[in-house]
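The block underneath contains the structure these notes are about, expressed in structure tokens.
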Amino acid sequence: MSKRSKSQGAHFAEQPLPAKRARKNDYRQDQRKQPIPSRHKKSGKLVVAIVVVLVLALLGGGGVMFWRHRPVSITVNGEQRTVLKRSTYAQVFDGESITTKPGNLVSVSGNVLEEGKGYPYSVTVNGIEVPYENAASQPVWGGEKIEFADGKDAMEPHTTEVVELLPKLEFKVAPGTGERGYMVQQGLVQYVTQWGKSGKHEVMHGERTGETAPGKTIEEAQNVVVVAQDIHPDNNQKLVAITFDDGPSYYTEPYLKILDEYDAKATFCIIGEQLADGGPVVSQTSNSGHQIVSHSWSHLQLTTLDEAELQHQLVDTANGLKECVGHDVRYIRPPYGDIDEQVWLKSKGSISVSLFWTHDSLDWEKPGVDKIVQNSTIAMKPGSVILMHDGGGERNQDLEALPQILKAWKDAGYKFVTIEELMKSDSSINMSVVDAGPMPEGSAWPTELATA
Ligand SMILES: [Zn+2]
């Protein structure tokens, strides 16, 4: 500031000089024609003119200087002060007798290295904090409310490095989930509503301490979101889903015939290793309008598996099913209904929906036809999901129970739909990500859960 005003002042003072020279030249050119007395007279007038111009120039320059640096009124820590306009905040501070406690010199992770070796004071102007480094260059214009306070800590010299920030897995439970007494409070379905994106953040390396600490976030990561929710069809539509686990098997085809007789669509949860023999039946099932879902490769309890084994259980089954049905299969019924956040983490985006049930027929206990029917038809409510089996051994009781179950629900006004249709009947279930298919290119998958 002071440099600029000096050069402007000088420029102003120089202006009259060329005029003075021009007049001198004019006078020399004229002297041959002009008589001597008049020459003296003229020269006297000229000297007066020069002096007047010089004085005016000096007064003008000084006036400008004065105007640029005239006294202005500001408030300093609540008290009215008059300072010269364009004084810096640092100059204002130096002119006051305010006692501030200096900050400390700290390491990148915030450990105190030297007490009192931080910034001597901090300054806030009209409620906005000014970085200490700017206090010596930012000028006062008048009218400001300036507050000086204790100094901030200064950080040791450090380098910064930009690193990728992985998204986290957010597991949300929709309101009201589990109210209908579904097995555990984990939601009738769990599904992805948002894929993840990585962000960027700075990591600081302290040159003095060698410490490493997180710095600013440059770009936030976008978390993966999985929602656990029950299914409540809109307008209480009487929709129900029936699911068959552990197939395909010898029994699948007879089941398909029974389903056709009752105009019922079902969901079949397939064990991957059984596709070697059962592939054609799975294709036939899919072609008949039933939904095909993964039930893992070899019916292992997913929560007990390491990532490599889990990936095999999920990915190889999905690949086998895709060959049979011609599209990506992103739904899974976890064996034993056992899935948790860790399984979702290790799934690395290979599944989009996990489904449970509301009615366990307990058919695998072979409790008798009546008991299977009773277990599958109690407490009928829209959005129910019945669990039965078409694999895992002899299923003669089911063959007898199935028509009775289908009839009972139909008589009560229900329609049998696939899991996907059932989910879509509930507009509070956000199916946009599930419908869009596999995890998009450029997504990032988390390795950690988001902390609530
Ligand atoms: Zn099973």
Original post:
Ser109 to Gln237: extension gain in nm, 0.36 nm per residue of separation minus the Cα-Cα distance?
Top reply: 40.3 nm
Original post:
What would the Debye formula give as log10 I(q)/I(0) at q = 0.09, 0.11, 0.15, 0.17 Å⁻¹ for the alpha-carbon point model of the range 259-406, no solvent?
Top reply: -0.29, -0.44, -0.81, -1.02
**OP:** At 0.36 nm per residue, minus the direct Cα-Cα distance, what do Glu400 and Thr160 gain on full extension? Give it in nm, one decimal, please.
**Re:** 79.3 nm
Original post:
Given charges of +1 on the Cβ of Lys and Arg and -1 on the Cβ of Asp and Glu, with all other atoms neutral, how large is the dipole of the range 332-445 about its Cα centre, in debye to the nearest 20?
Top reply: 180 debye
Subject >> Ranked by how many other beta carbons lie within 10 Å on average, peptides 412-424, 165-177 from highest >> reply: 412-424, 165-177
Original post:
What FRET efficiency, computed as 1/(1 + (r/R0)^6) with R0 = 25 Å and r the Cβ-Cβ distance, is obtained for Thr447 and Lys322, rounded to the nearest 0.05?
Top reply: 0.40
Subject >> Residue-level accessible surface for Asp328, protein heavy atoms, 1.4 Å, Å² >> reply: 70 Å²
**OP:** With a cut-off of 17 Å, note down the residues of the range 139-177 whose backbone N falls inside the zone around a label point 7 Å from the Cα of Asp94 toward its beta carbon.
**Re:** 139-140
Original post:
Give or take rounding to whole Å, what are the principal axis extents of the alpha carbon atoms in the range 270-335, in descending order?
Top reply: 35, 21, 16
Subject >> Per residue, the convex hull volume that the Cα atoms of the range 308-377 enclose (Å³) >> reply: 123 Å³
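Which of the residue pairs Lys381/Lys415; Lys366/Lys410; Lys172/Lys415; Lys322/Lys366; Lys238/Lys424 have a Cα-Cα distance greater than 22 Å in the structure shown?
Checking Cα-Cα distances, Lys366/Lys410; Lys172/Lys415; Lys322/Lys366 exceed 22 Å.
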Original post:
Of Thr159, Thr212, Tyr191, which is farthest along the charge dipole of the chain in the positive direction, counting Lys and Arg as +1 and Asp and Glu as -1 at C-beta?
Top reply: Thr159
**OP:** Counting only DSSP beta bridges with both residues in the chain, tell me the antiparallel percent, nearest 5.
**Re:** 55 percent
**OP:** Provide the FRET efficiency to the nearest 0.05 for the Lys117-Glu307 pair, computing r from the beta carbons and using R0 = 60 Å.
**Re:** 0.80
Original post:
So which DSSP H runs in the chain come out at 15 Å plus along the axis (Cα) with average Kyte-Doolittle of at least -1.0?
Top reply: 36-68, 275-287, 396-411
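Given that compact globular proteins tend to follow 2.2 N^0.38 Å, what is the ratio of the alpha-carbon Rg of the chain to that value?
Working: Rg = 41.9 Å, N = 452, 2.2 N^0.38 = 22.5 Å.
Cα-based Rg divided by the globular estimate yields 1.86.
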Original post:
What are the ³J(HN,Hα) values, in whole Hz, obtained from phi via the Karplus relation 6.51 cos²θ - 1.76 cosθ + 1.60 with θ = phi - 60°, for each residue of the range 433-447 in sequence order, with x given for Gly and Pro?
Top reply: 6, 4, 5, 6, x, x, 4, x, 4, x, 6, 10, 10, x, 10
Original post:
Counting only residues 5 or more places away or on other chains, whose amide H sits under 5 Å from the amide H of Gly247 once H atoms are built in the peptide plane?
Top reply: Cys269, Ile271, Asp390, Gly391
**OP:** List, in order, the whole-Hz ³J(HN,Hα) value for each residue of the range 347-360 obtained from phi through the Karplus relation with A = 6.51, B = -1.76, C = 1.60 and θ = phi - 60°; use x for Gly and Pro.
**Re:** 5, 6, x, 7, 10, 10, 9, 10, 10, 10, 7, 10, 10, 8
Subject >> Over the chain: helical MRE at 222 nm, DSSP H runs n ≥ 4 each giving -39500 (n - 2.57), nearest 500 >> reply: -10000 deg cm²/dmol
**OP:** Mind giving me the nanometre distance, one decimal, between the label points for Met431 and Asp340, set 7 Å out from Cα along Cα→Cβ?
**Re:** 3.1 nm
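The values are calculated or read from the model by the stated rules, or taken from the named source; none is laboratory data. All values reported here derive from a predicted model rather than from experimental measurement. Don't worry about glycine lacking a Cβ; one is built from the backbone with ideal geometry, like all the others, and counts go over all protein chains shown. When the accessible area is computed, the model is the full protein with side chains, heavy atoms only, and any ligands, DNA or RNA have been set aside. Shrake-Rupley method; radii C 1.70, N 1.55, O 1.52, S 1.80 Å.
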